[in-house]
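Working notes, beginning with the structure itself.
The values are calculated or read from the model by the stated rules, or taken from the named source; none is laboratory data. Note that this is a predicted model, so its numbers are computed, not measured. Glycine also receives a Cβ, built like all others from the backbone with ideal geometry; neighbour counts cover every protein chain displayed. All accessible areas refer to the heavy atoms of the entire protein, side chains included, with ligands and DNA or RNA removed. Shrake-Rupley method; radii C 1.70, N 1.55, O 1.52, S 1.80 Å.
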Amino acid sequence: MPELSVVGKSVVRLDARTKVLGKEEYCADIKLPGMLHAKVLGSPHPHAKILSVDTSAAEKVSGVRCVVTEKDAPKKLTGTGGIKDMPILARGVVRHMGEPVAAVAATTLEAAEEALELIKVEYKELPAIFDAEEAAGTNPPVIIHPDFSNYRVTLHPDRLSPERPNVFTHIKVYKGDVDKGFKESDLIVENRFVAPSIQHCALEPHAAVVCPEPDGSVTVFTGKQGLSRVKEDVAAAFGIEPYRVRVRQQYVGGSFGGKNGTYEFIPTLLALKTGRPVKWVMTREEVFVLGGPREGMVLTVKDGFNKDGTIVARKMEVLVDGGAYAEASPGITQNCSSATICMYRIPHLKWDGYAVYTNTPKRRGMRGYGVNEVAFAIESNMEIAAEKLGIDPVELRRKNLLREGEPMLNGEITHSIGAAECLDRVCAAIKLNEKGASEGPWRKGKGVALGNKYSTARAAYCGARIQVTENERIIVYHGADAVGQGVNTVIAQMAAEEFGISADRVDVVFSDTAITPFFGGGSTSSRTTYNLGNAVRRACDDAKRQIFQRAAWNLEAPPELLGTGNMEVYVRGHPERKIRVKDLFSPYQDRPRQIPAGGAGEGEEIMEIIGKATYRAESIPDDPKTGQLDPELAKQGKRFMAFYTYVAKAVEVAVNIETGEVKVLRCCGTVDLGKAINPKTCEQQLEGGMAMGIGSALYEVTLMEKGRVLNPNFADYRAPLAAQMPFNENMKSIFVESAPHKDGPFGAKGFSEGAVTGTEPAIANAIYNAVGVRIKELPITPEKVMRALRETYPSLPKRGKAAKLLIQEDL
């Protein structure tokens, strides 16, 4: 690859100054003339019939302009995944606490809140089920969706499980014969792991403003991921022609997957009913319930090994608690299998994933989309097996890693895998085999884990438009989401590289369905750099093609011999023969040379140079009965996923043997991102992801009791604090660029979700290394550590010097 001048440099973010100065607008900042404020009434029961709803008193409150219930809402069931099972407002039955039953639009928030208190709803409570393992059975005590067979379901029948009434997705990946594999194994290691539901904790709450326009169209302002999906969903739900729905995305104050669902339905309903703009900003309590926390998982891993450490067989069952509605859970259940598929060489595999309804809030995918939880189980089990085999855990992983060109466990051919180098470099950075000395009651240990993150190719279609202006600037138009990841800066760098200019000469217009190109699937699945980057490069090529055609007759050279840099067009090999791009904007420039070249005549328009392009990451389907790809197509290089990114994490922890407290002293992450387009932005992504992994490993859980969220705010929910993070040289990011992707822009792959992956098992492994206890349920709280210490060391005194001495002797 030729030397790059802009790509690969830590260019200052385009939005850095305006964001720091507070000049950028977020959705909650929007104020429109005549705007109303929305409030939503949620169910107080986890499962109940709605017998009656009386809104008469609420409608009389001064300032109230509209009160709606399910009778006012469209009858179509909604959902962002392959199962449409969710009404906009509860229809006859509520299936989780907080489920919207009615909504109010009023001139002030106070009036809307007063009106909510006056809505009278009569319920008849129904039996509820909260445990996913209990709900997943063939004869559960409660069936949450008895009318499931009548829903619109686009999943293949082989991905359903009709014999289990609450299971709405069953994903299979089968290879070889696991029973045979276990019989041939010298060691079998089987364990059960639990990863609870946690919150995304975006600082900006979910918000939307919907404005009905005089011509019958609707403008939706939103702060979420996936504005093209909002356009499609709103149009379908309300029977509006898609071209009459305009969606404008403001800057988003964090999402991490939590704002990928469509929550704009209720303000749209109120806006259409009142004919006035309606704004809905969720409270933090609503975000923690209606926003959709991350799914919970119960995972069972059974691995078979030969004495030399070769993995022979793996059987894995993953139970996904999807809550009361399907939403993203079918996709999570399928895609999280990639954590098993693309990492290790395993002859025999039986992988079953089940998504299950419970009477708890619906779930949303979180950064990692299920892969983090699966990696926690696999990488913990690998560590347990290494000890039983008497093999170094790093060597056990290295021995079984897939290599470039080998088939993955679904038949896809491995490409762009830098996992081995990630593992080596992270171990060297943390000095894995050097154990820190104890300090009082604190015992130190180190741990490592591998991980990976796919990027789905399904729905991965996007466009880009490049405008070259007469004042020699570039304007990039795109429809991706600016959710804090720095997309506009990265895309500006790519466009600048293509034109041989600095990034500060590139402007970006983004996320407005009326003027920006389509971006399928939203900025999810770590796809933005890869997909949009490819579309932008193609659009730049189209714009340069037009420039070269215009310049060719002036320079007396065919277009294919021309190049461009610093907004000059020149003849390759003859740089003195050149013309400024600004001089190509005459309407006569593309005519024969005998016509005088002058400025635009009176009434004539300045000619435009606009490059356009699209990009689609092609994929082939898997067999829903086995999860396998067509072997002939796979041999031709056809892929199931667009790409896979590999990561390794290593941590050093200190464990207090008197209190069970765990501190992360150092954290190091490596990622094979192909090419770091902006290294500083990549560093921010990786460090932020590792911080999230520390939070989910040690602190975070959505506490529920009989379907009620007990900690729906930042006062009670234990999100990690900055003071609990390692910092400066103790939080280290390493980028591996030795495995560029052949289809990635400049070889790059997305990685922001993989930034989290592997942190949880690395911490669990480090705790074991420190004090010899294995915690298999997240988060790893002091209470769990102390319980495990007492179980491991039965004679352990409750605290004091004797406890320290006993553990020190055993270790």
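A few notes on this one:
- Residues of the stretch 395-427 that are assigned to a loop (DSSP other than H, G, I, E, B) and surrounded by fewer than 18 Cβ atoms within 10 Å (Cβ to Cβ): Arg403, Glu404, Gly405, Glu406, His415.
- Within the stretch 470-495, tally of residues that are free of Cβ contacts under 8 Å to residues at least 60 places away in the same chain and not hydrophobic (A, V, I, L, M, F, W, C): 3
- The stretch 623-643: number of residues that are of a type outside the set (Lys, Arg), open to solvent by 10 Å² or more (accessible area, probe 1.4 Å) and either in contact with a helix residue (DSSP H, G or I) (Cβ under 7 Å, 6 or more places away or on another chain) or at positive phi (or both): 2
- Single match in Pro761, Pro740 (criterion: in a loop (DSSP other than H, G, I, E, B), in the same structural domain as Arg718 (by TED's automatic domain parsing), of a type outside the set (D, E, K, R) and on the phi < 0 side of the Ramachandran plot): Pro740
- Cross-chain or 6+ apart pairs with Cβ under 8 Å, the stretch 75-87 first and in contact (Cβ under 8 Å) with a residue 60 or more places away in the chain and open to solvent by less than 40 Å² (accessible area, probe 1.4 Å), then in a loop (DSSP other than H, G, I, E, B) and of a type in the set (Val, Ile, Thr): Thr78/Ile88; Thr78/Thr262; Thr80/Thr262; Gly82/Thr154; Ile83/Thr154
- Which numbered condition Arg367 fails, given (1) modelled with pLDDT under 95; (2) over 30 Å from Val209 (Cβ atoms); (3) among the charged types (D, E, K, R): (2)
To keep it simple, each residue is scored yes or no on (1) surrounded by fewer than 18 Cβ atoms within 10 Å (Cβ to Cβ); (2) of a type in the set (Gly, Ala, Ser); (3) touching a helix residue (DSSP H, G or I) at 6+ places or on another chain (Cβ under 7 Å).
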residue: Ile694; (1), (2), (3): no, no, yes
residue: Ala697; (1), (2), (3): no, yes, yes
residue: Leu710; (1), (2), (3): yes, no, no
residue: Ala719; (1), (2), (3): yes, yes, yes
residue: Gln724; (1), (2), (3): yes, no, no
residue: Asn728; (1), (2), (3): yes, no, no
residue: Ser738; (1), (2), (3): yes, yes, yes
residue: Glu760; (1), (2), (3): no, no, yes
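- Test: residue in the stretch 515-530 that is without any contact (Cβ under 8 Å) to a residue 60 or more places away in the chain and either surrounded by 23 or more Cβ atoms within 10 Å (Cβ to Cβ) or more than 21 Å from Gln249 (Cβ to Cβ) (or both): yes
- Count of the stretch 13-30 residues which are at negative phi and without any contact (Cβ under 8 Å) to a residue 40 or more places away in the chain: 6
- Verdict on Tyr174 being among the hydroxyl-bearing types (Ser, Thr, Tyr) and over 27 Å from Gly226 (Cβ atoms): yes
- Residues in the stretch 476-517 that are in a helix (DSSP H, G or I), over 26 Å from the mean Cα position of the chain (by Cα) and hydrophobic (A, V, I, L, M, F, W, C): Ala496, Phe499, Ala503.
- Scanning the stretch 545-574 for residues that are assigned to a helix (DSSP H, G or I), open to solvent by less than 40 Å² (accessible area, probe 1.4 Å) and closer than 18 Å to Gln467 by Cβ turns up Gln546, Ile547, Phe548, Arg550, Ala551.
- Matching residues, the stretch 13-38, being open to solvent by 20 Å² or more (accessible area, probe 1.4 Å) and at pLDDT 95 or above: Lys31, Leu32, Pro33, Gly34, Met35, His37
- Scanning the stretch 777-796 for residues that are of a type outside the set (A, V, I, L, M) and either more than 33 Å from the chain's Cα centre (by Cα) or surrounded by fewer than 20 Cβ atoms within 10 Å (Cβ to Cβ) (or both) returns Glu777, Thr781, Pro782, Glu783, Lys784, Arg787, Arg790, Glu791, Thr792, Tyr793, Pro794, Ser795.
- All told, Glu241 meets the bar of being open to solvent by 40 Å² or more (accessible area, probe 1.4 Å), assigned by TED's automatic domain parsing to the domain that holds Glu70 and not β-branched (Val, Ile, Thr).
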